[in-house]
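Beneath this line is the structure, given in structure tokens, with notes to follow.
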Amino acid sequence: MEVDPEVNKLGNVSAVKVIFIEPTGKTLEQLEAEKRRLSREYKLMTDKKHNNLVEILKSTDKSFTFKDVKALLNIPCLKGKDDVLAMLHFRSFQAQQKQQIPTISIQMELCGKTLRHWLNTNNDTDNPELWPVRRQIVKDMYEGLKYLHSNKIIHRDFRPENIMFSFSPNEKECIFPVKVGDFGLCRKVHSEHTATNTLTPGVGNDTYRALETKFLNYGIPADLYSFGLVSWEVLQRIKNTISMFDRLVNDSETGLIVEADWWLRNWAGIIVLLTKRHVQDRIQKHDKILLIDPSKSEFTAESHTWFIIKEYLVPGDIVNIDIKDKISKAYHFKVNNVTFNGVDPSTRQHLRLDILGNSCTINNLNLEFLSLKGDNFTVNNVTCNQMEVNGDGNRLTGVRILHKGDLGNEVGTGISLRGENNILKSFQCCNINLFEKRKQHNVRKKIGSKPFDKQYDSICVYISKLSKSCVIENANLRNGFIEGAKHGLNNIKCTNAIQINGRDHTMHDVDAVIFIDNSTRSPISVTKL
């Protein structure tokens, strides 16, 4: 029970939660054990300060007399709360009979209305003015829950009744930040894992409780399940919660989630993953969740953990990459019309990117490996060990290949092009000696790319035999291997060997120490009149 606000010595307004301990039939030792159990809320939350958590200030162990209980009956804020008043009348009678009743009083930050009150007031109509309010509610309660979990604490009773707006002198006003409160069922997570030691089953509210809480082993995913349901209720104005939650969770009717364009990005998918019936199918940790406003389109990734963004990207987004981590990791993106920028092209990113899609742009990146699968990519000023391009109409300018494998060895192919109408301009393979001097000679001996690799060393530029109408212009390399048809080779400086297979190529100013020309010209057909 919470009682009237009190003013502490600093002039701050706070609230006091009074917990009556039932003394009937209990020994002194049992009463002391009950006090220790009930004071756990205070002890667990001591020094846990966050804008989105109700702050616990202090805890007092006190025995209430008949006079103390009678004083509570006169508190103005309890007027009209018949259930609380009835309980106090019973406690006053009990105190009169037993002289006093043991209690735990927890002083905490005073808050405003509960989220339940706000939903009851605002969920009847879809008011566009409340769309940003609903988003902010979801953000605030998520950040509060995330902070608890970062301190290895699970809430176990996450629902609108236990989420409060900040205090306002105007009782009708609900102001931010929203705060998670009522920590009476909170427990500590026992290890780095999300599961706890055996816990009391069946605690919390039935409507928002995850299936696994019926048993002894559960943890953070149970809280995330409750959060998923509450966020859906807030964003979609869910009214018949028991029926709707049951259909979503137990019948997998994901079509019930009707995402609006003002929701947090990809939130319908997040709700589905948060509310899976079986815990093993559910999001387990916060590293899979991002809260992104629908208007946001530019992001900066400064660590590998931030690459969860790949699940949220939409056409038009910009990702600025500035990874500070030293460990190397690989990521697969499936996106269209997204721009990837390096913040500092001179800084090496311990990164391997595989991008599947169309019309993406990659600028000013220095990374380990880049694979592009799709059409109409634009690449500018990119440095990497190796690059693969599969698709049509891709434009690559200012590419520098370091031509190193994972262990720093000269292995594999520098850049591979497969497709039609791909253009590679201003290319440089950095792992060559541009001052290497050998006697230049032209030969005709057709060998495959693998034997070529073994005989002349790694290939810097490779165009596949199924490729057509590609252009390489202004390139410095050691070895090249060209197959396919109708390519344009202009101003190529090759310090070792280049082999040209295929047909109908146009070559201008191609200079190589060893020039192996196996290309052919298609016969010109003449139509008789």
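Looking at the stretch 386-411 only, could you name the residues that are out of contact with any strand residue (DSSP E or B) (no Cβ under 6 Å at 6 or more places or on another chain) and modelled with pLDDT under 95?
Those that are out of contact with any strand residue (DSSP E or B) (no Cβ under 6 Å at 6 or more places or on another chain) and modelled with pLDDT under 95: Leu402, Lys404, Gly405, Asp406, Leu407, Gly408, Asn409, Glu410, Val411.
Would you mind stating whether Val203 is outside any helix (DSSP H, G or I), β-branched (Val, Ile, Thr) and either touching a Gly at 6+ places or on another chain (Cβ under 8 Å) or modelled with pLDDT of 95 or more (or both)? Explain how you work it out, then say what you get.
Working: outside any helix (DSSP H, G or I): yes; β-branched (Val, Ile, Thr): yes; either touching a Gly at 6+ places or on another chain (Cβ under 8 Å) or modelled with pLDDT of 95 or more (or both): no.
Against the criterion (outside any helix (DSSP H, G or I), β-branched (Val, Ile, Thr) and either touching a Gly at 6+ places or on another chain (Cβ under 8 Å) or modelled with pLDDT of 95 or more (or both)), Val203 does not qualify.
When both residues are 6+ apart or on different chains and their Cβ atoms are under 9 Å apart, which pairs have a first residue that lies in the stretch 123-140 and is hydroxyl-bearing (Ser, Thr, Tyr), and a second that is assigned to a loop (DSSP other than H, G, I, E, B) and surrounded by 15 or more Cβ atoms within 10 Å (Cβ to Cβ)?
Every condition considered, the pairs that remain are Thr125/Arg237.
What residue, of Leu313, Leu367, Leu372, is buried (at least 16 other Cβ atoms within 10 Å of the Cβ) and in contact with a Leu (Cβ under 7 Å, 6 or more places away or on another chain)?
Residue meeting the stated conditions: Leu367.
Within the stretch 175-182, identify whether any single residue is closer than 25 Å to Asn217 by Cα and over 22 Å from the mean Cα position of the chain (by Cα), and answer yes or no.
yes
When the stretch 46-63 is examined, which residues are found to be assigned to a strand (DSSP E or B) and either modelled with pLDDT under 85 or not aliphatic (A, V, I, L, M) (or both)?
Lys58, Ser59, Thr60, Asp61, Lys62, Ser63
What single numbered condition from (1) over 17 Å from Met164 (Cα atoms); (2) free of Cβ contacts under 8 Å to residues at least 12 places away in the same chain fails to hold for Lys49?
With (1) over 17 Å from Met164 (Cα atoms); (2) free of Cβ contacts under 8 Å to residues at least 12 places away in the same chain applied to Lys49, the lone miss is (1).
Could you tell me which numbered condition Ile308 fails, if it satisfies all but one of (1) assigned to a loop (DSSP other than H, G, I, E, B); (2) surrounded by fewer than 17 Cβ atoms within 10 Å (Cβ to Cβ); (3) of a type in the set (A, V, I, L, M, F, W, C)?
(1)
Can you tell which of Lys334, Lys326 is among the basic types (Lys, Arg), surrounded by fewer than 18 Cβ atoms within 10 Å (Cβ to Cβ) and within 26 Å of Val272 (Cα to Cα)?
Going through Lys334, Lys326 in turn, just one is among the basic types (Lys, Arg), surrounded by fewer than 18 Cβ atoms within 10 Å (Cβ to Cβ) and within 26 Å of Val272 (Cα to Cα): Lys334.
Determine which member of the set Ser303, Ser359 is out of contact with any His (no Cβ under 9 Å at 6 or more places or on another chain), small (Gly, Ala, Ser) and within 27 Å of Ala475 (Cα to Cα).
Among Ser303, Ser359, only Ser359 is out of contact with any His (no Cβ under 9 Å at 6 or more places or on another chain), small (Gly, Ala, Ser) and within 27 Å of Ala475 (Cα to Cα).
All but one of (1) farther than 28 Å from Leu130 by Cα; (2) at pLDDT below 95 hold for His286; which doesn't?
The number of the failed condition is (1).
Any residue at all in the stretch 351-367 that is among the polar types (S, T, N, Q) and under 15 Å from Phe307 (Cβ atoms)? Step through it out loud before you land on a result.
Taking the stretch 351-367 as the starting set, the residues that turn out to be among the polar types (S, T, N, Q) are 358-359, 361, 363-364, 366.
Narrowing further to those that are under 15 Å from Phe307 (Cβ atoms): none.
No, every residue in the stretch 351-367 fails to be among the polar types (S, T, N, Q) and under 15 Å from Phe307 (Cβ atoms).
Please pick out the residue among Asp47, Asp126, Asp61, Asp83 that is acidic (Asp, Glu) and touching a strand residue (DSSP E or B) at 6+ places or on another chain (Cβ under 7 Å).
Asp61
Under 9 Å between Cβ atoms, at least 6 apart or on separate chains: pull out the pairs that start in the stretch 204-222 with a residue that is closer than 21 Å to His286 by Cβ and in the same structural domain as His155 (by the TED database) and end on any residue that is exposed (fewer than 15 other Cβ atoms within 10 Å of the Cβ) and among the basic types (Lys, Arg).
Hits for this filter: Ile220/Lys285; Pro221/Lys285.
For the stretch 473-519, please list each of the strands (runs of 3 or more DSSP E) lying entirely inside it that holds at least 3 residues being within 23 Å of His403 (Cβ to Cβ), assigned by the TED database to the domain that holds His403 and touching a strand residue (DSSP E or B) at 6+ places or on another chain (Cβ under 8 Å).
In the stretch 473-519, 480-482, 488-500 are the strands (runs of 3 or more DSSP E) which contain 3 or more residues that are within 23 Å of His403 (Cβ to Cβ), assigned by the TED database to the domain that holds His403 and touching a strand residue (DSSP E or B) at 6+ places or on another chain (Cβ under 8 Å).
Going by what's in this entry, would His117 be described as outside any loop (DSSP other than H, G, I, E, B), closer than 22 Å to Trp267 by Cβ and of a type outside the set (Phe, Trp, Tyr)?
Answer is no for this residue.
Please determine whether any residue of the stretch 84-98 is surrounded by 17 or more Cβ atoms within 10 Å (Cβ to Cβ), under 20 Å from Lys172 (Cα atoms) and in contact with a Pro (Cβ under 9 Å, 6 or more places away or on another chain).
Checked the stretch 84-98: no residue is surrounded by 17 or more Cβ atoms within 10 Å (Cβ to Cβ), under 20 Å from Lys172 (Cα atoms) and in contact with a Pro (Cβ under 9 Å, 6 or more places away or on another chain).
Asn358: modelled with pLDDT of 95 or more and touching a strand residue (DSSP E or B) at 6+ places or on another chain (Cβ under 9 Å), yes or no? Talk me through it step by step, then tell me what you get.
On the way: modelled with pLDDT of 95 or more: yes; touching a strand residue (DSSP E or B) at 6+ places or on another chain (Cβ under 9 Å): no.
In short, no.
Looking at Gly488, Gly480, which one is without any contact (Cβ under 8 Å) to a residue 40 or more places away in the chain and surrounded by fewer than 20 Cβ atoms within 10 Å (Cβ to Cβ)?
On the way: Gly480 fails: surrounded by fewer than 20 Cβ atoms within 10 Å (Cβ to Cβ).
Among Gly488, Gly480, only Gly488 is without any contact (Cβ under 8 Å) to a residue 40 or more places away in the chain and surrounded by fewer than 20 Cβ atoms within 10 Å (Cβ to Cβ).
When the stretch 285-305 is examined, which residues are found to be surrounded by 15 or more Cβ atoms within 10 Å (Cβ to Cβ) and either assigned to a loop (DSSP other than H, G, I, E, B) or touching a residue at least 40 places away in the same chain (Cβ under 8 Å) (or both)?
Passing the criteria: His286, Ile289, Leu290, Leu291, Ile292, Pro294, Ser297.
When the stretch 413-436 is examined, which residues are found to be in a loop (DSSP other than H, G, I, E, B) and at pLDDT 75 or above?
Thr413, Gly414, Gly419, Asn421, Asn422, Cys430 - these are the residues of the stretch 413-436 that are in a loop (DSSP other than H, G, I, E, B) and at pLDDT 75 or above.
The values are calculated or read from the model by the stated rules, or taken from the named source; none is laboratory data. Source: prediction; values computed, not measured. In this analysis, Cβ positions are derived from the backbone assuming ideal geometry, glycine residues included, and neighbour counts consider all displayed protein chains.
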